[in-house]
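Worksheet: the structure to be examined is printed underneath.
The values are calculated or read from the model by the stated rules, or taken from the named source; none is laboratory data. Keep in mind the model is a prediction, meaning the values are calculated, not measured. Note: ideal-geometry Cβ built from the backbone for every residue, glycine included; neighbour counts use all protein chains shown. Ligands, DNA and RNA are excluded from the accessible area calculation, which covers all protein heavy atoms including side chains. Shrake-Rupley method; radii C 1.70, N 1.55, O 1.52, S 1.80 Å.
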Amino acid sequence: MTQTTLDLTGLKCPLPALKTRKALKSVKPGDLLEVHCTDPLSVIDIPNLIRETGDKVEITERTEKRIVFLIEKADAAGTQAG
């Protein structure tokens, strides 16, 4: 299992969700993507995105200055072919 960090601090909606979606395409099933955001709307946008992709997400940190998501890429069998 590998973990990749994606620093999206300073980006505003919809860029954090769009860049997270793009980064997830290069992550292998079972691997982790750690996403750092500062946009307050990302707490809505990123979980909604992950609901669409079928991956797993949890917010591991939420402060006034940043939000950190830990996303686990789902197995290929559990996702739809695109």
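The lone criterion from (1) in contact with a Leu (Cβ under 8 Å, 6 or more places away or on another chain); (2) closer than 15 Å to THR4 by Cβ left unmet by THR38 is number (2). Entry remark, the range 5-42: residues being in a helix (DSSP H, G or I) and surrounded by 14 or more Cβ atoms within 10 Å (Cβ to Cβ) number 10 in total. Filtered by the rule that a residue be of a type in the set (A, V, I, L, M, F, W, C), touching a strand residue (DSSP E or B) at 6+ places or on another chain (Cβ under 7 Å) and within 22 Å of ARG62 (Cβ to Cβ), the range 16-35 gives ALA23, LEU24, LEU32, LEU33, VAL35.
Of all the residues in the range 49-60, those that are open to solvent by 60 Å² or more (accessible area, probe 1.4 Å) and either part of a helix (DSSP H, G or I) or of a type in the set (D, E, K, R) (or both) number 4. Set side by side, the residues GLU58, GLU34, GLU64 differ, and just one is at pLDDT 95 or above and charged (D, E, K, R), which is GLU34.
Return a yes/no flag: does the range 64-78 have any residue that is part of a helix (DSSP H, G or I), of a type in the set (Gly, Ala, Ser) and crowded, with 16+ Cβ neighbours inside 10 Å. Before you say what the answer is, go through the steps one by one.
To start, the set of residues in the range 64-78 that are part of a helix (DSSP H, G or I) comprises 76-78.
From the residues that got through so far, the ones that are of a type in the set (Gly, Ala, Ser) too are 76-78.
Next cut, crowded, with 16+ Cβ neighbours inside 10 Å only: none.
Looking for residues that are part of a helix (DSSP H, G or I), of a type in the set (Gly, Ala, Ser) and crowded, with 16+ Cβ neighbours inside 10 Å, one finds none in the range 64-78, hence no.
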